[in-house]
Structure formats: structure tokens, C-alpha cells
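Please read through the structure below; I'll follow up with questions.
The values are calculated or read from the model by the stated rules, or taken from the named source; none is laboratory data. Treat the numbers as computed from the prediction; the structure is a model and nothing was measured. Cβ placement follows ideal geometry from the backbone for every residue including glycine, while neighbour counts extend to all protein chains displayed. Just the protein is used for accessible areas: all its heavy atoms, side chains included, with ligands, DNA and RNA removed. Shrake-Rupley method; radii C 1.70, N 1.55, O 1.52, S 1.80 Å.
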Amino acid sequence: MLIHVTTLGDYLAKHNATPAVKSVIATLTHTCEEISELLKRGALADILGEAGNQNVQGEEQKKLDVIANELLLNALANNKYCAGVASEELDHATAANCGGEVLVLFDPLDGSSNIDINMAVGTIFSVLPYNNQGQTATDDDFLQKGTEQLAAGYVLYGTSTILALTTGDGVVMFSYDPNLRQFILIKDRVNVPVDTKEYAINASNYRYWLPPMQRYIDECNAGEAGVRGKDFNMRWIAAMVGDVHRILTRGGLFSYPFDTKFANKAGKLRLMYEANPMSFIIEQAGGASSDALNRILDIKPTSIHQRVPVVLGAKNEVEYIKKLHVEMG
Ligand code: AFP
């Protein structure tokens, strides 16, 4: 029996994105296949543990952070359409091919604290237009609003390897078939319900949050007897890719809100490698994304490693959290 499947290649061939966008998506996803293979072998591939150095954000790098970063960098450097690359793990953007048409940004290994405990991690990517063709790309070329993104996606390395992708025309989802060595289409219209009874937040930071966020979580936790009139469930994967994937699969609300834990950080998540691509995906699936007050995709970046508070998922919850922030000041 011949079963017809749509591979990522089939999907891209029919899709009306530019050749440059299709080509970098193919390069990114091929490299993610390699990362997925390494993760499957784990300790046997000597990829677990610390790399012994810190990234630009002062965070300890894991071996796999470094390996995934290098694999992606090398692959994109050889893609003629890619003018430059910015990574969460690099101090500055790296110029690639000055004749290129697009810039690629990525978090090579999101959720790195999960690597050594054999839990879900992911790769997040974003594609922007390159507006200085013929010149060498610099950090400044990357400082574009999220609304400018041509494509965004993530690969979740979980019990199976999943790709979620948008080029601004809805969200599609693929599952990697290790036998065929191909991503196979599993959902062609992903939809995030406007309401939910499930939230994801690192509640150990409660004392550092602003009062409106404390109030929101208090109200959720008061359940049916409280003002929300319903019981909420809580989940936290400690890898944004995993939490966003759950929201794309069964709905929900995710937040890494503003907190006062670290004086120089407005939140933990990076605008350009995490918040923008995930916000593009969530909005394209019918959800909403904000920094609690403003739409993430409208933020004009001032630095490639900028951090932002993030509230995303079910539209009505994102709106409700904004209302609390407006009312409570
Ligand atoms: P890394 O980018 O360092 O792997 O961190 C992952 C992450 O930015 C995001 O994916 C998680 O939602 C969040 O951190 C988890 O943070 P906590 O460890 O504070 O819960």
C-alpha cells in the first residue's frame, strides 16, 4: 500500500515564499536533524555536561549549546542566500555572504538545563530580510521589529522531533521520520484556542514579579471559588520550545514576566532569538503575545541580545493580563 505523505521539501516546493527563505529553512532543518541525532545518542556522543565557558549573557554554556551553535553557523555560512547570522551564543552577529538576501537568528539549544536530565530541548529560528545587500552585515542590520520576520520556527527535540513553522501564512507542523530522514507534515492549520484553563510560569520567582502578575496567578490559583470561576492547571517545562509546543497542541498561557531578580534584566527571555519568533508563530496560530502591555512584534530592538518580559498564548488571557497591568499601573 502506498501512503501519500507530504515532506517538508514537498511543502516548500509548493509554498510561495522566496527561494532565499525556502533555502535557509531547508539548511536550518537539515542541521536540526543532525542535532536531533546527537541528542538521541546523548552521553554516547559525548555531548552532555558543561563546555567550560560562558556566553555573552554570562551564562554557563553546555557542550551541546556550543556544538549546535557551530553546526548551524557552518551550515548557514555555506548558504548563498544568508547574509548574516545572529545567535544567542555569540557576542556579535557573524557576516555570511554579502550577496545574501536574508538574515538568520537562532537560539541553537533552548532549555539547555534540560539536556543533561534527558528532557525536552529545542532550536528556535527567525528569518529577517537583509536590506543592505552587497555590504557586510553588522549587528545593526538585525535590529528590525518582529513584524518584519519572513519566517520563524522551532524544532522540538522531545519524545519525537517536531518542526513548527510559519512564513506568515498560518502555522504548519511536521514530525521527523528517522527512517525516511524527512520531516513529514502532520498538521497544516495549527490553532490556539482563545480561552484556556492552563498556565505556564516559573512560580519560584513570584516574589520578584510586579503586583498585576502576582494578582493574575493568585486569581488562577483561587480556582472555581475565585473571581475567574474556574480551576486552572499549571505546567512548566523550563524550555520555552516545550511550553509553546504544548500551547500549539492543546492551548494555554505562557509567561516569563518582568521581574526584579536581576537589576539589569527586564525579563529572562531574549527578544530576537526567543520572543520574536515564538510571538510570530503564536499570532499566526490565532494566539496573542505581549510584554504584558505592548505587542512583542512591535518592539523596535535596540540591541541584538535585548531581553523582554513575555506573555503569550490564549488571546483572552493575554488581554486579561494587559487589563490588570493597565488597571493596577
Ligand atoms: P536557555 O536559553 O539558557 O536554555 O534558557 C531557556 C529559557 O530561556 C526558556 O526556554 C525557558 O522558558 C526559561 O529559560 C526557563 O527559565 P528558568 O530556569 O528560570 O525556569
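For every residue, the table says whether it meets (1) part of a loop (DSSP other than H, G, I, E, B); (2) of a type outside the set (Gly, Ala, Ser).
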residue	(1), (2)
238	yes, no
267	yes, no
275	no, no
283	no, yes
286	yes, no
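Continuing with this model, one more query. Confirm whether residue 130 is more than 21 Å from residue 28 (Cβ to Cβ), surrounded by 21 or more Cβ atoms within 10 Å (Cβ to Cβ) and among the aromatic types (Phe, Trp, Tyr).
Values: more than 21 Å from residue 28 (Cβ to Cβ): no; surrounded by 21 or more Cβ atoms within 10 Å (Cβ to Cβ): yes; among the aromatic types (Phe, Trp, Tyr): yes.
Criteria not met by residue 130.
So in the range 196-236, with the set limited to residues that are in a loop (DSSP other than H, G, I, E, B) and touching a residue at least 60 places away in the same chain (Cβ under 8 Å), which one is farthest from residue 122 (Cα to Cα)?
In the first step, residues of the range 196-236 are kept if they are in a loop (DSSP other than H, G, I, E, B); the result is 196-197, 201-202, 210, 226-232, 235-236.
With the extra rule that they be touching a residue at least 60 places away in the same chain (Cβ under 8 Å), the set shrinks to 196, 210.
On the way: 196: 24, 210: 29 Å.
Step by step, filter the range 196-236, then rank; the result is 210.
Can you tell me which condition residue 125 does not meet? The list is (1) crowded, with 21+ Cβ neighbours inside 10 Å; (2) part of a loop (DSSP other than H, G, I, E, B), and all the others hold.
So the condition that residue 125 fails would be (2).
If I filter the range 240-265 down to residues being surrounded by fewer than 24 Cβ atoms within 10 Å (Cβ to Cβ) and part of a strand (DSSP E or B), which single residue comes out as nearest to the chain's Cα centre (by Cα)?
For the range 240-265, the residue satisfying everything is 256.
For the range 35-48, state whether one or more residues are among the hydroxyl-bearing types (Ser, Thr, Tyr) and either part of a helix (DSSP H, G or I) or over 29 Å from residue 145 (Cα atoms) (or both). Write out each step before concluding.
Within the range 35-48, the subset among the hydroxyl-bearing types (Ser, Thr, Tyr) is 36.
If we keep only those that are either part of a helix (DSSP H, G or I) or over 29 Å from residue 145 (Cα atoms) (or both) too, we end up with 36.
Yes, the conditions are met somewhere in the range 35-48.
Out of (1) more than 13 Å from residue 310 (Cα to Cα); (2) open to solvent by 40 Å² or more (accessible area, probe 1.4 Å), what's the single condition that is false for residue 212?
Failed condition: (2).
A further question on this structure: Looking only at residues in the range 43-60 that are surrounded by 13 or more Cβ atoms within 10 Å (Cβ to Cβ) and among the aliphatic types (A, V, I, L, M), which one is farthest from residue 306 (Cα to Cα)?
Here the residue is 45.
Taking the residues in the range 231-279 that are near the ligand (Cβ under 9 Å from one of its atoms) and hydroxyl-bearing (Ser, Thr, Tyr) as candidates, determine which candidate is nearest to residue 143 (Cα to Cα).
273
Quick one: which of 106, 142 is over 16 Å from residue 242 (Cβ atoms), of a type outside the set (Val, Ile, Thr) and within 15 Å of the ligand (Cβ to nearest atom)? Let's see the steps before the verdict.
Values: 142 fails: within 15 Å of the ligand (Cβ to nearest atom).
Checking each option against the conditions leaves just 106.
A quick yes/no check of all residues on (1) of a type outside the set (A, V, I, L, M); (2) within 16 Å of the ligand (Cβ to nearest atom):
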| residue | (1), (2) |
| --- | --- |
| 67 | no, yes |
| 81 | yes, no |
| 97 | yes, no |
| 102 | no, no |
| 112 | yes, yes |
